[in-house]
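The values are calculated or read from the model by the stated rules, or taken from the named source; none is laboratory data. All of these numbers come straight from a predicted model, not from anything done at the bench. Reconstructed Cβ throughout: ideal geometry from the backbone, glycine too, with neighbour counts over all protein chains shown. Quick note on the areas: whole protein, heavy atoms, side chains included, nothing else; ligands and nucleic acids left out. Shrake-Rupley method; radii C 1.70, N 1.55, O 1.52, S 1.80 Å.
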Amino acid sequence: MDRNVTPVICDHRVLHEPQAVLAAALEAYVAIDSADRILGWNAAAEALFGYSHAQACGRVLADLIIPMRYRQQHRAGLARLAAGGPGRVLGQRLQLAAVHRDGHELLIELTLTVTATPDGPVFHAFAHDVSTKVRAARFTTVEAAVSRGLAEASSSDAASARVVEALGVNMGWPVVELWLTDLDRQLLVCAARYAESGRRVRGFAVNEIDYGIGLPGRVYRQRRPSWVPDLAADATLVRSSAAAAIGLRAAVGVPVWASGRILGVLCVYGDRAEDPEDTLIALLSGVAAHVGQYLERRRAEELAIELARTKDEFLALVTHELRNPLTAITATATMLSGEVDALSQPELRHYLAIINRNAQRLTVMSEDLLDLARLESGNLAIRPTACDLAAVINASIQDLTETAGDKDLTLAVTMPPRLSLYADPDRLRQVADNLLSNAIKYTPAGGAITVTADTRNEPDSDSERILWSISDTGIGIPATDRPRLFRRFYRASTALDRRIPGTGLGLVIVRTILERHQGSITVTDHHGPGTTFTIDLPTELST
Ligand code: ADP
């Protein structure tokens, strides 16, 4: 024994076997020599690391309990200490990662001391598990960071970014993603992604994913958390090889709920294989619930603002659209009353025709607006009965044949003699009239109009639908105009350029009627000049 060491034992008669103290200690005691060989291993070490005294003694410590990624560092540190170098780690409380015999990683707090023996220095470590304590502290930090992020964010996008960052930075996850559902397109969109600096995520970082595909898609579809302990072993996930290529090993995804609806999925990716852990799923689910509530609140606020804006815009639009014909009427009438005696008969007729045309436009517009308002407010109920779409289409064609004939347009119809469905025949007639008269109006003389309609069965159910299309060889609708076509007053540049009269309300009414019948209308890509509208209608209305 070194003579400079402060004595410990006061009564050697009673305390004659210090080894017993180490054996009974609650702290794990591990002693190694300068070659990293294990010399001491007490019962608490057996419990902490899972190796018995016999299994541990004589083994190299690094091989036994040091995680692969820290082994090099451990060996270098030990060599420095053994050579009498500066011992930064001696006499300090250190927090280190260790591996249990069963493979799971734990965080230990240890103190390291050294004694000199004739055979060289011996290093003594006293250690205990702090995984739970450290994790709890981290969870608290994460929760606080998430709350702060949500409170400070000025938009949903900013909030999403803050949440993934808070999780990534505080939990040490290299990649964290928040996916939100896009109900229109029926897929998930990555709202925010955190990737630790230096981690290249190209190849892995897709921005859209279908329901059921990949971890986000799986969690969304199954509506419950999913833990992937080893990404490389899970071939069912589309991004697993891309994840493995950038060093990601394990992943967890939890659903983001709000008022019983699933809004998206929160996914975290780790760089080592890990076993499912309840507390972690609980933490993530808690964070996800927080995010869900936030997004829902935000969406409600944004919707209210949008609604107010739409109302204002609509009012301005209506005023503008009504003012044009009204101005024409007022100006012409004023001019007429001042100069009526000086005008010739043909001039008088010309001005009266202007007044008439504009008054008619106002009438059509106000009727369309009223119709639309009633339809949208639900005041104009559709009255479905068992009816025949073929009869509706034929009647409409019959009424419009003369107008089509005037323009020398050919009209071809392909449909079975009966197309039975449960719908409001008057409203379907309105749809047919609108689309056919548009086809006639927007097709120059000599063109052709084709109407087809037929039933088809849904692949996965017994429900039957009708597919109905109206094509023409007319002026067409540019692709850039199509997304806005079903908005009130919207008129395509092709119609405006040619000064073809119209209100831009017909298609909105058509779409509203079809939606009330649980159907839809789309303007399809057209080969060659012209336009095709396609309608999809169920033959039965589901309740
Ligand atoms: P309106 O025809 O009274 O302007 P609609 O709502 O019926 O209003 O149509 C909106 C716009 O869609 C039209 O102004 C026109 O630009 C375009 N459109 C509709 N049908 C056709 C068609 N068959 N061919 C070309 N453009 C069309």
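If the condition is being within 6 Å of the ligand (Cβ to nearest atom) and within 28 Å of the chain's Cα centre (by Cα), then the range 479-494 contributes only Leu485. Looking at the range 236-245, can you tell me whether even one residue there is open to solvent by 30 Å² or more (accessible area, probe 1.4 Å), touching a residue at least 40 places away in the same chain (Cβ under 8 Å) and assigned by TED's automatic domain parsing to the domain that holds His290? Yes, that holds for at least one residue.
Gly476 meets the conditions (1) over 17 Å from Pro501 (Cβ atoms); (2) within 16 Å of the ligand (Cβ to nearest atom); (3) open to solvent by 30 Å² or more (accessible area, probe 1.4 Å) in every case but one. The failed one is (3). Residue check: Arg297 meets all listed conditions (1) closer than 30 Å to Glu165 by Cα; (2) in contact (Cβ under 8 Å) with a residue 24 or more places away in the chain but one, namely (2). Return the pair list, or none, for Cβ contacts closer than 8 Å from residues in the range 461-486 that are assigned to a loop (DSSP other than H, G, I, E, B) to residues that are of a type in the set (Phe, Trp, Tyr), at least 6 apart or on different chains. Taking only residues 6 or more apart or on different chains, the pairs are Gly474/Tyr442; Ile475/Tyr442; Asp481/Tyr490.
Say we look at the range 525-543 and pick out the residues that are among the charged types (D, E, K, R) and in contact with a strand residue (DSSP E or B) (Cβ under 7 Å, 6 or more places away or on another chain); which of these is farthest from the ligand (Cβ to nearest atom)? It comes out as Glu540. Against the list (1) closer than 16 Å to Gly292 by Cα; (2) surrounded by 12 or more Cβ atoms within 10 Å (Cβ to Cβ); (3) over 14 Å from the mean Cα position of the chain (by Cα), the condition Ala151 fails is (2). In the range 1-118, counting only helices (runs of 4 or more DSSP H) that sit wholly within it, the ones holding 2 or more residues that are farther than 30 Å from Asp230 by Cβ span 18-24, 43-49, 53-56, 68-82.
Taken over the range 437-478, the criterion of being under 39 Å from the mean Cα position of the chain (by Cα) and of a type in the set (A, V, I, L, M, F, W, C) is satisfied by Ala439, Val451, Ala453, Ile466, Leu467, Trp468, Ile470, Ile475, Ile477.
Just one of the listed residues (Ala445, Ala412, Ala432) is outside any loop (DSSP other than H, G, I, E, B), within 15 Å of the ligand (Cβ to nearest atom) and either of a type in the set (Gly, Ala, Ser) or not assigned by TED's automatic domain parsing to the domain that holds Glu515 (or both), and it is Ala432. Regarding Thr522, is this residue in contact with a Ser or Thr (Cβ under 8 Å, 6 or more places away or on another chain), β-branched (Val, Ile, Thr) and either under 25 Å from Leu362 (Cα atoms) or more than 12 Å from the ligand (Cβ to nearest atom) (or both)? So Thr522 passes the test. Taking into account only those residues within the range 495-506 that are assigned to a helix (DSSP H, G or I) and near the ligand (Cβ under 6 Å from one of its atoms), which is nearest to Gly474 (Cα to Cα)? Here the residue is Ala495.
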